[in-house]
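Reading through the C-alpha cells given below for one structure.
The values are calculated or read from the model by the stated rules, or taken from the named source; none is laboratory data. Quick caveat: nothing in here was measured; it's all calculated off a predicted structure. Cβ: placed from backbone, ideal geometry, glycine included. Neighbour counts: every protein chain shown.
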Amino acid sequence: MRDQIRSIVIVGGGTAGWMAATFLARRLAHLRIVITVVESSAIGTVGVGEATVPAIRDFFAAVELGETELLRETEATIKYGIRFADWKTRGHAFFHPFGLYGVPARGVPFHQIWLRQRAAGDTTPIGDYCLATQLAERDLFLPPSDRPANDLGVFNFAVHFDASKFAALLRRLALANGVAHRDARITRVALDPENGHVAGVDLDTGEQVTGDLWIDCSGFRSLLLGEAMGVEYRDWRHWLPCDRAVAVPCASDAMHRPMTTATAMEAGWRWHIPLRHRVGNGYVYCSDFIDDAAAEDALLGALEGAPIAAPNRIRFTPGHRDRFWERNVVGLGLSSGFLEPLESTSITLIQSGLERLLPLFPDRGFDPRLAAVYNRQSMLEFERIRDFLMLHYRGNARHGEPFWDHVRAIEPTAGLQLKLDAWRSAGEFVRNEWDTFQDASWLSMYAGFDDLPARHSPLADQFDAAGLSDSLARMRDAIAGTLRHAEPHGRFLSRVVGECA
Ligand SMILES: Cc1cc2nc3c(=O)[nH]c(=O)nc-3n(C[C@H](O)[C@H](O)[C@H](O)COP(=O)(O)OP(=O)(O)OC[C@H]3O[C@@H](n4cnc5c(N)ncnc54)[C@H](O)[C@@H]3O)c2cc1C
C-alpha cells in the first residue's frame, strides 16, 4: 500500500495561493486529499500582476472557470500582445503579438521571404502580416479559430484582470470545491528534526496546522522555502538590473485597447494595463540610476487620468531560489523567484509549476528524484525567459542615456548568444526545451529593434519577384478580409459583460 499524500497546505492567499488551491482541488478531487489555504488578510498580497499570456486560458479551462464569468467578475479586457514604445529610440514603437506572421512557401519560412523583400526595398512592416497585430492596432476583437486555414489565422489572446478580483474569484471557486481556509498569521514554522521536512505551522490564533505536502505561496517573504529551509536565492541583477517598481492605478475615459503597453523610461520602463474600471500603471526601474521619489514623480507625471490609490512601492531582486522544490515544500509565485513583468510571465510560471507538479506528484516518501526533475525544469524555464527579457534591453539605441547604455552593454548569457548567432548569421531560431517564447515572439523582437540578419536564406531566392509581391499582397488582403468579421473591443466587452465598457 502506497503512503499517499493525505493533506496539502498552501501558505499564502495571493494569486499563486488561490491558483494552486483551485487547480489542485480540481485535479486531485478523487484522491480525498485535504487542501488548506493559510493566509493573512492583515499582511495582504503584493497587489499587482494584472497582465497575462494566452496560456492562462488553459488554466481557466482546467479549473472550469468560464471566460465570460472571468471577464465579468475581474473587470477584464482582452490582450493580443504588448506594444513596446520608445525602446529602440524615442518615438519608435513595435508590437509583440500573440500570433504568427505570414504563410511559409515551399518550406521557406515566411520571415525569410519578408527579409528577401526588404533587401529588395519593400518596407512593409512585418506586423502587416500578423492578424493579432492588426486586431490590436485597430482595437478590434475576434476569437481565434479552432481550425485556421493557414498560419495567417493562427493567433490567440490573453487577458488583463484586476488581480484582487481574480484572487477573490478563485477563492470562491476553491472554497466551493472543498478547500479549507484559515485567515491567520503564521508565527512559527516547525521542521521535523529527523528529515528537515516542514511538519507544521503555528498561527497567531493559537491553532496549529500540519500537513504532508506544503506549497509555499507566501510571496517575497518566502516563509517556508527561504526563511524556514534556508534555500538560497540566485540574484540575477547583473543580467536584469531593474530591482524596484512603483505602481499606481488611475482613472481613464480612454477606449480599452486590447494590448499592454510597455514604454521605455529614463531608468527602466512603464506598464499601462487597461482594465474596464481603471488603468494599471507601474514604473519598473533600476535603483542605481534613479531614486524612488524621482521614479514616482515620473510615473505620476505620465498617467492619463487621476490616480485612484496611493503609489505602491515594491522592491525585488530578479532571480530565483536555488531549488523550487525542497523536501516536502514546493514554492510557487514570488516565493520561488521573480523576473520583471516585461512579458507578464509570473502568473504563467505559477500555472506551469502546477502543471509540472502533477506528473511528478509525490507520496509521503518524497523521492528526491522527483524534486530534482522539477527543479531542473523550473530552472530552465526561468533561464529561457531571462534570455528573452535580456534581448529587450540589448536592442536599444538610446545612446547617451546612462541606464540604456548600461543595459545595452550587458554580456549576453551563453544561451542568448547562441540564439543571436543563429539569427544574425542565418535568420534562424534556436529552440530549447522549456522555452516559454517561441519563434514568432523572438522574431517580433528582432524585427522590432531592426536587428536583422546580414542576409536572407538563399532558399528565399527561388521565388519569382513579381509572384512573390502578389502573394504578399494576397496575404495582406486576407488579413483585411478577416478584420471585417471582427468587432470593436469595447463593444465586445459590453456585449459579453452586459454593461457599458
Ligand atoms: C511590480 C510587479 C508587477 C507585476 N506584474 C505582473 C504582470 O503583469 N503579470 C504577471 O503575470 N505577474 C506580474 N507580477 C507578479 C505577480 O504579481 C505575482 O506573481 C502574483 O501576484 C503572485 O504573487 P504571490 O501570490 O506569489 O504573492 P503575494 O501576492 O505577495 O501573496 C502572498 C501571500 O502570502 C501571505 N503571507 C505572507 N506571510 C504570511 C504569514 N506569515 N502568515 C500567513 N500568510 C502569509 C499573504 O497574506 C499573501 O496572501 C508582478 C509583480 C510585481 C512585483
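Out of the residues in the stretch 209-221 that are in a loop (DSSP other than H, G, I, E, B) and within 21 Å of Phe366 (Cα to Cα), state the one that is nearest to the ligand (Cβ to nearest atom). First the steps, then the outcome.
Kept after step one, since they are in a loop (DSSP other than H, G, I, E, B), are these residues of the stretch 209-221: 211-212, 217-218.
Filter again for within 21 Å of Phe366 (Cα to Cα), leaving 211-212, 217.
Values: Gly211: 14, Asp212: 19, Cys217: 5 Å.
The extreme case among them is Cys217.
Here's a check for you: in the stretch 219-257, which residue that is touching a Leu at 6+ places or on another chain (Cβ under 7 Å) and among the small types (Gly, Ala, Ser) is nearest to Val38 (Cα to Cα)? Full working, then the answer.
Start the filter on the stretch 219-257 by keeping residues that are touching a Leu at 6+ places or on another chain (Cβ under 7 Å), which leaves 219-220, 228, 231, 240, 246, 248, 250, 256.
When the remaining residues are screened for being among the small types (Gly, Ala, Ser), the result is 219, 228.
On the way: Gly219: 13, Ala228: 16 Å.
Only one residue fits best here, namely Gly219.
Considering every residue within the stretch 130-142, establish whether at least one is within 30 Å of His277 (Cα to Cα) and acidic (Asp, Glu).
Keep residues of the stretch 130-142 that are within 30 Å of His277 (Cα to Cα), which gives 130-142.
Narrowing the set further to residues that are acidic (Asp, Glu) leaves 137, 139.
The answer is yes, given that some residue of the stretch 130-142 is within 30 Å of His277 (Cα to Cα) and acidic (Asp, Glu).
Are there helices (runs of 4 or more DSSP H) fully within the stretch 293-411 with at least 1 residues that are basic (Lys, Arg), surrounded by 22 or more Cβ atoms within 10 Å (Cβ to Cβ) and in contact with a strand residue (DSSP E or B) (Cβ under 8 Å, 6 or more places away or on another chain)? List them.
Working: elements: 346-357, 368-394, 402-408.
In the stretch 293-411, no matching helices (runs of 4 or more DSSP H) lie anywhere.
Kindly evaluate His277 against the criterion of being within 30 Å of Glu227 (Cβ to Cβ) and more than 15 Å from the ligand (Cβ to nearest atom). Quick ask: steps written out before the conclusion?
Numbers: within 30 Å of Glu227 (Cβ to Cβ): no; more than 15 Å from the ligand (Cβ to nearest atom): yes.
In short, no.
Could you tell me which of the residues Trp434, Trp423, Trp442 is not β-branched (Val, Ile, Thr) and not in a helix (DSSP H, G or I)?
Details: Trp423 fails: not in a helix (DSSP H, G or I); Trp442 fails: not in a helix (DSSP H, G or I).
After applying the criteria, what remains is Trp434.
What is the residue count in the stretch 51-66 for residues that are of a type in the set (D, E, K, R) and farther than 15 Å from Phe98 by Cβ? So that I can check it myself, show each step before the final result.
At the first step, the residues of the stretch 51-66 found to be of a type in the set (D, E, K, R) are 57-58, 64.
Filter once more, so that each one left must be farther than 15 Å from Phe98 by Cβ: 64.
So the count comes out to 1.
I'd like to check something: does the stretch 232-253 contain any residue that is away from the ligand (no atom under 12 Å from the Cβ), within 30 Å of Asp363 (Cβ to Cβ) and assigned to a strand (DSSP E or B)? Steps first, please.
Pass one, the stretch 232-253, residues away from the ligand (no atom under 12 Å from the Cβ): 232-241, 249-253.
Of the ones still in play, those that are also within 30 Å of Asp363 (Cβ to Cβ) are 232-234.
From what's left, assigned to a strand (DSSP E or B): 233-234.
Yes, that holds for at least one residue.
Kindly indicate which of Glu296, Glu326, Glu266, Glu343 is within 11 Å of the ligand (Cβ to nearest atom) and either at pLDDT 95 or above or within 20 Å of the chain's Cα centre (by Cα) (or both). Step through it out loud before you land on a result.
Values: Glu296 fails: within 11 Å of the ligand (Cβ to nearest atom); Glu326 fails: within 11 Å of the ligand (Cβ to nearest atom); Glu266 fails: within 11 Å of the ligand (Cβ to nearest atom).
Testing whether each residue is within 11 Å of the ligand (Cβ to nearest atom) and either at pLDDT 95 or above or within 20 Å of the chain's Cα centre (by Cα) (or both) leaves just Glu343.
Going by what's in this entry, would Leu115 be described as more than 24 Å from Ala262 (Cβ to Cβ), in contact (Cβ under 8 Å) with a residue 60 or more places away in the chain, more than 10 Å from the ligand (Cβ to nearest atom) and in contact with a Ser or Thr (Cβ under 9 Å, 6 or more places away or on another chain)?
Values: more than 24 Å from Ala262 (Cβ to Cβ): yes; in contact (Cβ under 8 Å) with a residue 60 or more places away in the chain: yes; more than 10 Å from the ligand (Cβ to nearest atom): yes; in contact with a Ser or Thr (Cβ under 9 Å, 6 or more places away or on another chain): yes.
Yes: the conditions hold for Leu115.
Among the residues of the stretch 357-407, count how many are more than 30 Å from Arg32 (Cα to Cα) and either aromatic (Phe, Trp, Tyr) or under 22 Å from the mean Cα position of the chain (by Cα) (or both). Steps first, please.
Quick first cut of the stretch 357-407, residues more than 30 Å from Arg32 (Cα to Cα) only: 379-407.
Adding the requirement that they be either aromatic (Phe, Trp, Tyr) or under 22 Å from the mean Cα position of the chain (by Cα) (or both) leaves 379-396, 403-404, 407.
Of the residues in that region, 21 qualify.
Just name the residue that is surrounded by the most Cβ atoms within 10 Å (Cβ to Cβ) out of those in the stretch 252-280 that are in contact with a helix residue (DSSP H, G or I) (Cβ under 6 Å, 6 or more places away or on another chain) and farther than 20 Å from Pro241 by Cα.
The residue in question is Met259.
With under 13 Å from Pro258 (Cα atoms), at pLDDT 95 or above and of a type outside the set (Val, Ile, Thr) as the only criterion, which of Ala76, Ala61, Ala55 stands out? Give the derivation first.
Details: Ala61 fails: under 13 Å from Pro258 (Cα atoms); Ala55 fails: under 13 Å from Pro258 (Cα atoms).
Matching residue, one of Ala76, Ala61, Ala55: Ala76.
In this structure, does Glu304 turn out to be away from the ligand (no atom under 14 Å from the Cβ) and modelled with pLDDT under 95?
Values: away from the ligand (no atom under 14 Å from the Cβ): yes; modelled with pLDDT under 95: yes.
Here the answer is yes, as Glu304 does meet what is asked.
Consider Ala85 carefully, then state whether it is away from the ligand (no atom under 16 Å from the Cβ), within 28 Å of Arg315 (Cβ to Cβ) and either surrounded by fewer than 16 Cβ atoms within 10 Å (Cβ to Cβ) or touching a residue at least 40 places away in the same chain (Cβ under 8 Å) (or both). Let's see the steps before the verdict.
Details: away from the ligand (no atom under 16 Å from the Cβ): yes; within 28 Å of Arg315 (Cβ to Cβ): yes; either surrounded by fewer than 16 Cβ atoms within 10 Å (Cβ to Cβ) or touching a residue at least 40 places away in the same chain (Cβ under 8 Å) (or both): yes.
Taking the combined requirement at face value, the residue satisfies it.
Mind checking whether some residue in the stretch 134-146 is at pLDDT below 95 and not in a helix (DSSP H, G or I)? Don't jump to the end; show me each part of the working.
Taking the stretch 134-146 first, the residues at pLDDT below 95 are 145-146.
Imposing the further condition that a residue be not in a helix (DSSP H, G or I) reduces the set to 145-146.
The answer is yes, given that some residue of the stretch 134-146 is at pLDDT below 95 and not in a helix (DSSP H, G or I).
Could you tell me whether any residue of the stretch 212-225 is more than 28 Å from Leu339 (Cα to Cα), touching a strand residue (DSSP E or B) at 6+ places or on another chain (Cβ under 7 Å) and free of Cβ contacts under 8 Å to residues at least 40 places away in the same chain? Spell out the reasoning first.
At the first step, the residues of the stretch 212-225 found to be more than 28 Å from Leu339 (Cα to Cα) are 212.
Among the residues that remain, those that are also touching a strand residue (DSSP E or B) at 6+ places or on another chain (Cβ under 7 Å) are: 212.
Add one more test, that the residue is free of Cβ contacts under 8 Å to residues at least 40 places away in the same chain, and what stays is none.
No, every residue in the stretch 212-225 fails to be more than 28 Å from Leu339 (Cα to Cα), touching a strand residue (DSSP E or B) at 6+ places or on another chain (Cβ under 7 Å) and free of Cβ contacts under 8 Å to residues at least 40 places away in the same chain.
Quick one: Phe59 ticks every box in (1) surrounded by 15 or more Cβ atoms within 10 Å (Cβ to Cβ); (2) more than 11 Å from Leu354 (Cβ to Cβ); (3) in contact with an Asp or Glu (Cβ under 9 Å, 6 or more places away or on another chain) except a single one, so which number is it?
(2)
Looking at Ala93 and the list (1) more than 10 Å from the ligand (Cβ to nearest atom); (2) out of contact with any helix residue (DSSP H, G or I) (no Cβ under 8 Å at 6 or more places or on another chain); (3) without any contact (Cβ under 8 Å) to a residue 24 or more places away in the chain; (4) within 30 Å of Val329 (Cα to Cα), which single condition is not satisfied?
Of everything listed in (1) more than 10 Å from the ligand (Cβ to nearest atom); (2) out of contact with any helix residue (DSSP H, G or I) (no Cβ under 8 Å at 6 or more places or on another chain); (3) without any contact (Cβ under 8 Å) to a residue 24 or more places away in the chain; (4) within 30 Å of Val329 (Cα to Cα), Ala93 misses just condition (4).
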